[in-house]
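Trainee: Supplied in structure tokens, the structure appears directly below.
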Amino acid sequence: MMTLYDCATAPSPRRARILLAEKGIAHDTVEIDLRNQEQLGAAFRQVNPQCTVPVLRTDEGLVLTDNAAIAAYLEARFPQPPLLGETPAEKAEIASWNWRVEFEGFLAIAEALRNSSPAMAHRALPGPVDYAQIPELAERGIARVQQFLITLNERLDSRDFIAADRFSIADITAVVAVDFARIIKIKPGEQHPHVQRWRQAMAQRASMSI
């Protein structure tokens with residue numbers, strides 16, 4: 001049985017949970033308390049020296065410590081349903097949009113949050129090293145997230161999915177990013193009708209409730 005090191009309140013491990021659910025893969029879960037910095041403790045450092053979740057320990061004993069590795073492994077081992085694409089063109093389009101969503105959306109939200117939250121005063125970046133906040137990066141992050149919603153809305157005009165005319169890892173990343181943006185008080189509004197329609201459709205998938 002695979003084991004997912006998870007945190008129910010964090011966005012990054014939610015991406016792995018959705019992926020596992022979409023592929024119907026049974027797994028055990030170990031909850032890591034990020035609020036109380038369990039990820040920085042000696043026990044978890046033995047699992048992942050980078051002090052981040054998600055981590056997937058496979059039934060072969062392989063330890064995967066980021067969403068990119070987890071997705072690549074699960075897609076190769078459990079190819080149905082295909083979430084990274086089937087044809088070369090699909091794979092390229094999905095990979096491109098997944099990266100755009102991660103960089104322009106997910107990382108921008110993290111930039112805004114981690115450089116403004118008092119609880120993260122010395123934790124501006126995840127991982128084992130403490131970094132001070134830079135307030136200007138929080139301001140830039142908010143501007144980037146606002147632009148991300150514009151870009152996403154334009155992309156979803158007359159489309160049901162973000163890439164390749166099928167549900168994919170790009171939709172998973174985008175759902176988590178859009179939901180995560182609420183923590184910095186940004187959410188799709190009337191000016192983002194296509195994002196709202198798409199998010200309502202995504203909510204019909206059972207995996208999105210976890």
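The values are calculated or read from the model by the stated rules, or taken from the named source; none is laboratory data. Predicted model only: the values in this text are computed from it and were never measured. So basically every Cβ, Gly included, is an ideal-geometry build from the backbone, and we count neighbours across all protein chains shown. Protein only, heavy atoms only, side chains kept; ligands, DNA and RNA dropped before computing areas. Shrake-Rupley method; radii C 1.70, N 1.55, O 1.52, S 1.80 Å.
Trainee: How many residues are touching a residue at least 12 places away in the same chain (Cβ under 8 Å) and either open to solvent by less than 40 Å² (accessible area, probe 1.4 Å) or part of a helix (DSSP H, G or I) (or both) if we restrict to the stretch 83-99?
Mentor: The total comes to 9.
Trainee: Consider Val176 against the criteria (1) aliphatic (A, V, I, L, M); (2) within 20 Å of the chain's Cα centre (by Cα); (3) open to solvent by 30 Å² or more (accessible area, probe 1.4 Å): it satisfies all of them except one. Which criterion is unmet?
Mentor: With respect to (1) aliphatic (A, V, I, L, M); (2) within 20 Å of the chain's Cα centre (by Cα); (3) open to solvent by 30 Å² or more (accessible area, probe 1.4 Å), Val176 is out only on (3).
Trainee: Can you tell me which residues in the stretch 129-145 are out of contact with any Gly (no Cβ under 9 Å at 6 or more places or on another chain) and surrounded by 13 or more Cβ atoms within 10 Å (Cβ to Cβ)?
Mentor: Tyr131, Gln133, Ile134, Leu137, Ala138, Glu139, Arg140, Gly141, Ile142
Listed here are the residues, each with its yes/no results for (1) closer than 21 Å to Ala110 by Cβ; (2) not small (Gly, Ala, Ser).
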residue	(1), (2)
Met1	no, yes
Thr9	yes, yes
Ala21	no, no
Gly24	no, no
Ile32	yes, yes
Arg45	no, yes
Asn48	yes, yes
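Trainee: If you take the residues of the stretch 17-36 that are touching a Cys at 6+ places or on another chain (Cβ under 9 Å) and not in a strand (DSSP E or B), which of them is surrounded by the most Cβ atoms within 10 Å (Cβ to Cβ)?
Mentor: The residue in question is Ile32.
Trainee: Just name the residue that is farthest from Arg114 (Cα to Cα) out of those in the stretch 179-190 that are open to solvent by 20 Å² or more (accessible area, probe 1.4 Å) and without any contact (Cβ under 8 Å) to a residue 12 or more places away in the chain.
Mentor: So the residue we want is Glu190.
Trainee: A follow-up question, please. Looking only at the stretch 153-173, which residues are in contact with a helix residue (DSSP H, G or I) (Cβ under 6 Å, 6 or more places away or on another chain), surrounded by 14 or more Cβ atoms within 10 Å (Cβ to Cβ) and not hydrophobic (A, V, I, L, M, F, W, C)? Show your work before the answer.
Mentor: Quick first cut of the stretch 153-173, residues in contact with a helix residue (DSSP H, G or I) (Cβ under 6 Å, 6 or more places away or on another chain) only: 153, 156-157, 161-164, 168-170, 172-173.
From what is left, the residues that are surrounded by 14 or more Cβ atoms within 10 Å (Cβ to Cβ) are 153, 156, 161-164, 168-170, 172-173.
Correct list: Asn153, Ser168, Thr173.
Trainee: Right, next: Gly41 - would you say it is out of contact with any strand residue (DSSP E or B) (no Cβ under 9 Å at 6 or more places or on another chain) and on the phi > 0 side of the Ramachandran plot?
Mentor: Working: out of contact with any strand residue (DSSP E or B) (no Cβ under 9 Å at 6 or more places or on another chain): yes; on the phi > 0 side of the Ramachandran plot: no.
No: the conditions fail for Gly41.
Trainee: Now a separate question. When residues of the stretch 114-123 are filtered for being out of contact with any Pro (no Cβ under 9 Å at 6 or more places or on another chain) and in contact (Cβ under 8 Å) with a residue 12 or more places away in the chain, how many remain?
Mentor: Residues meeting the conditions: 2.
Trainee: Mind listing whichever residues of the stretch 63-78 are of a type in the set (Phe, Trp, Tyr) and either assigned to a helix (DSSP H, G or I) or modelled with pLDDT under 95 (or both)?
Mentor: Once the filter is applied, which keeps residues that are of a type in the set (Phe, Trp, Tyr) and either assigned to a helix (DSSP H, G or I) or modelled with pLDDT under 95 (or both), the stretch 63-78 yields only Tyr73.
Trainee: Something else about it: Which of the residues spanning the stretch 39-70 are over 13 Å from Pro126 (Cα atoms), free of Cβ contacts under 8 Å to residues at least 24 places away in the same chain and either of a type in the set (D, E, K, R) or open to solvent by 70 Å² or more (accessible area, probe 1.4 Å) (or both)?
Mentor: Ala42, Ala43, Gln46, Glu60, Leu62, Ala68
Trainee: Name every residue in the stretch 4-16 that is open to solvent by 20 Å² or more (accessible area, probe 1.4 Å) and either β-branched (Val, Ile, Thr) or in contact with a His (Cβ under 9 Å, 6 or more places away or on another chain) (or both), in order of residue number.
Mentor: Thr9
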